[in-house]
Amino acid sequence: QVQLVESGGGLVQTGGSLRLSCAASVASFSAYAMTWYRQAPGKERELVGTITRGGTTTYADSVKGRFTISRDNTKNTVYLQMDSLKPDDTAIYYCKATFLTAAYWGRGTQVTVSS
């Protein structure tokens, strides 16, 4: 069973930065594609971006140019660097690990951006 633990959330002002981490307890972390999602109050969960096991990244248009996903396979951790934050980025941020048909979710970390 894969366990994912997100951390690094908090309260930040508009224009500020945060770096989220997602630590995975799995022996073959490098084989997993890792995806960040977010869910704002009253809204559906939306995809933020993905990093493949090869390191290729893709992003939602709403965060492109402001957010960066990276991974450190030696630490079984994926990161979400968030810059130029806006109040619309306020949400619970989740990471998801996928490999073939298996998918695992973390419990999320709250990010609040004040105006």
Relative contact order of the chain (C-alpha contacts under 8 Å, at least 6 apart) in percent is 36
Over the stretch 1-53, relative contact order from alpha-carbon pairs under 8 Å, at least 6 apart, %: 29
Connecting C-alpha atoms closer than 10 Å in a GNM of the chain, tell me which of Asp72, Asp89, Asp61 has the biggest fluctuation. Asp61
Non-local residues with an amide H under 5 Å from the amide H of Gly49, with H modelled 1.01 Å from N and Pro and chain starts lacking one, are Trp36, Ala60
List the lysines whose alpha-carbon lies under 24 Å from that of Lys64, not counting same-chain residues fewer than 8 positions away? Lys43, Lys86, Lys96
What is the sum of charges around Pro87, taking Lys and Arg as +1, Asp and Glu as -1, for the other residues whose C-beta is under 14 Å from the C-beta of Pro87? +2
Apportionment of accessible area to carbon and sulfur, the chain, percent (1.4 Å): 48
What's the local net charge at Gln3, with K and R +1, D and E -1, over the other residues with C-beta under 14 Å away? +1
What number comes out for accessible area per residue over the chain if the probe is 1.4 Å? Units Å², please. 54
Farthest toward the dipole's positive end in the stretch 1-96, which of Phe67, Ala24, Thr90, given Cβ charges of +1 (Lys, Arg) and -1 (Asp, Glu) about the Cα centre? Ala24
Tell me the net charge near Ala40. Cut-off is 11 Å between Cβ atoms, Ala40 excluded, with +1 for each Lys or Arg and -1 for each Asp or Glu. -1
With the contact rule set at Cα under 8 Å and sequence spacing of 6 or more, what percent relative contact order holds for the stretch 71-115? 37
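The values are calculated or read from the model by the stated rules, or taken from the named source; none is laboratory data. All of these numbers come straight from a predicted model, not from anything done at the bench. We place every Cβ from the backbone using ideal geometry, glycine too, and count neighbours over all the protein chains shown. Keep in mind that these areas ignore ligands, DNA and RNA; they rest on the heavy atoms of the full protein, side chains included. Shrake-Rupley method; radii C 1.70, N 1.55, O 1.52, S 1.80 Å.
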